[in-house]
Amino acid sequence: MTSSGTNSGEEPSPREGPDPWAAAWELLLPAASAPARARGRTLQAALREAVRTGRLVPGTRLPSSRELAADLGVSRGLVTEAYEQLTAEGYLRSDRGAGTWVGDAVRSARPRARDLAPRSPGARADFLPGTPDLSLFPRTAWAAAQRGVLAELPHHALGYPDPRGLPRLRTALAELLARRRGVVADPERVVVVSGVAQATALLGSVLHARGVRAVGVEDPGSPQHDALYASAGVGAVPLPLDAEGLATGPLREAGVRVVVTTPAHQFPSGIAYSARRRAELLDWARSVDGLVVEDDYDGDFRYDRAPVGALQGLDPERVAYTGSVSKSLAPGLRLGWLLVPRALTEEVVERKRTMDLGHPTIDQAVFARFVERGDYDRQLRRCQRAYRERRDVLVSALREHLPGTEVSGIAAGLHAIAVLPDAYGPLDRFVGRVAAVGVSVRPLADHGRVPDAGVRLVLGYAHLSPARIREGVRLMARAAGPGAA
C-alpha cells in the first residue's frame, strides 16, 4: 500500500507505533469490488465506519486522493467525492496543502485492551495471603544483570533454547537449590518453567499420558493445584491433614499413586511436616510405585530457625520438586524450576518442547547471572528480614487489639493463621463487618475443610507495611469486636 507521506505546516507529528491507516485498510477493500454504481457509497460507508469504531483514530493522516485511488483501483474522483462528503459530515478535516485528516469530532468506541491481572479490591488493608512485597524487587541489580547479559550473550544464543533451559541457568539452579534447600539436583534433570503453575501443568499432562486419572491433594490446600491438574484431565482427591502433615491412612485408602504436598510450610495451615510424616510419605510412595509432588513455594522463608530441607533430598526418584521466584522476586517474571525423577525426565522435557519451545533465553541468562553473582542470595536475605519483621508486627497487633487470638503454624512464609475467640463470631458476620471498614480477610474455610467453626483467618502480611498491618488489625478490632453494633 502506498505511504501516506509526511506532515507539513502545523499538523500533528506522526503517531508512534503501528500505522492506524494500515489497521483500517482492510475495511476499504470491499469498495473496490463493489458494483460500479454502489462503489462511491460503499467507500464512504467504509471510511465512516473506520472512524466511528476507532480503526482510524483522530489525527490520522489519510493518503492523498490520487494514492488511495491507485491503491484501490478506482477513479480519483470517487475518492475525492468520498473525502469531501465525510469532511462535510465532520468525520474528516482537510486543510489546503496539508492533506486530509481524521477529525476529532467523533467520540469513537475505540477498542481497548482490558487488564485482567488480579488486583487488590482497594481495601485500606488487604490481608491477601501469599503476596510478596513487589516494592522489594531489586531493580538496580536486575538492570545491571540485564546490561551484562545483553553485552555478552552471543548471537546464536538467541535461537530456540534447550527446552529444559539454558545449561548456565540449570547449573546455577542446581547449585543454589542443593546449597539452600538440600535437594539432589542434577542439572540434566532441572527444567526451567514459567512458575509452579506450568510445572504442575507439565506433570499433569505427562501423568495423564501414563494413565493417571487422579492425584491426591492436601485439604485444606491450594486451589490452584486442583484447577491445574483438572486442565490436564486429572482429577484431584482431597486428603485430610493432621498435626504432622498429610494423614497417611486416608492417603492409602484413597487408592491414588500421586500426591501433591507443601511439606516445608503447608498452605494454608502453616504447619511443617514432621520428620516421621515425611518418612511415612516416602514409604507410601515406594510401596505403591508412586510419586510425591513437592511444591516448595516459600521454603526459603523461615524466621525462627534454619529452613527444613526439601523432601526431595531424601528420595529424588520418588519426589518431583518445584519452586519459583514468585515470592522472592516477582510473580510477573514467570520463572521457576522443576526437578524431575529420572523415570519422568524424557517425557517432561518433550512435553515442555511441544508446549512452548522453551523459556525466554534472555530472561534465563539474566537470572543465571543474578544467581551466580550472589544477587539472589542478597535478595532472599533482604526479603527475609522484611517479612520476619512484618510477621512480628502482625502477631503483636493481634495480641494488642484482638486479645485471645491464637496464631498457629510455624514462623515462616508470607501468611499466618489467626484463630479468634468465639466472641468475634460468627464468621460471616465478622468478615462482613471488617469489609465495611475497608479491611479484606480470607477465611481458612475458603481453602478446604476446617475442623470446627469459628473465626479462622489466613492473614497475608508480606506485601503490607508495618504501619498498614497495625492499622488493618486496629480497624478489624474496632469493627468486629464483641461490643460492636
Evaluated at q = 0.06, 0.10, 0.13 Å⁻¹: base-10 log I(q)/I(0), Debye formula over Cα of the chain
-0.43, -0.86, -1.10
Using θ = phi - 60° and the Karplus curve 6.51 cos²θ - 1.76 cosθ + 1.60, what whole-Hz ³J(HN,Hα) does each residue of region 80-93 get, with Gly and Pro shown as x?
4, 4, 5, 4, 5, 5, 6, 5, 5, 7, x, 6, 10, 9
For Arg442, distant residues with modelled amide H under 5 Å away:
Val458
To the nearest 10 degrees, the tilt of helix 139-152 (Cα long axis) against the first principal axis of the alpha carbons of the chain is 70 degrees
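May I ask you to give the percent of accessible area on the chain that is carbon plus sulfur, with a probe radius of 1.4 Å?
Values: 11590 of 22450 Å².
Answer for the chain: carbon and sulfur cover 52 percent of the accessible area.
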Output wanted: per-residue J couplings in Hz (rounded whole) for region 117-127, from phi through Karplus 6.51 cos²θ - 1.76 cosθ + 1.60, θ = phi - 60°, x for Gly and Pro.
4, x, 9, 5, x, x, 5, 5, 8, 10, 7
Averaged per residue, what accessible area in Å² does the chain show with a 1.4 Å probe, protein chains only?
46 Å²
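Using Cα-Cα distances under 8 Å and only pairs 6 or more residues apart, what relative contact order does the chain have, in percent? Walk me through the numbers on the way to the answer.
Values: 837 pairs, mean separation 82.7, N = 485.
Reported relative contact order: 17 percent.
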Work out, in µm²/s and without decimals, the Stokes-Einstein translational diffusion coefficient of region 276-362 at 20 °C, 1.002 mPa s, Rh from Kirkwood over C-alpha pairs.
145 µm²/s
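Determine the percent antiparallel among the DSSP beta bridges restricted to the chain, to the nearest 5. Write out the running numbers ahead of the final one.
Values: 27 of 45 bridges.
Of those bridges, close to 60 percent are antiparallel.
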I'd like the distance between the alpha-carbon centres of region 347-414 and region 142-212, rounded to an integer number of Å.
17 Å
Could you go through region 304-309 in sequence order and give the Karplus-derived ³J(HN,Hα) for each residue, using 6.51 cos²θ - 1.76 cosθ + 1.60 with θ = phi - 60°, rounded to whole Hz, and x for Gly and Pro?
9, 6, 5, x, 5, x
What is the Cα centroid distance between region 237-302 and region 313-346, reported in whole angstrom?
16 Å
Compute the long axis of helix 39-52 from its Cα atoms, compare it with the longest principal axis of the Cα atoms of the chain, and write down the angle in degrees, 0 to 90, nearest 10.
40 degrees
Row for region 116-224, column shape: gyration tensor on C-alpha, a ≥ b ≥ c, rounded if a/c < 1.5 i.e. under 1.5, prolate if a/b over b/c, else oblate; value oblate
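The values are calculated or read from the model by the stated rules, or taken from the named source; none is laboratory data. For clarity, every value in this text was computed on a predicted model and none was experimentally measured. Accessible surface is based on the protein model in full, side chains and every heavy atom, while ligands, DNA and RNA are left aside. Shrake-Rupley method; radii C 1.70, N 1.55, O 1.52, S 1.80 Å.
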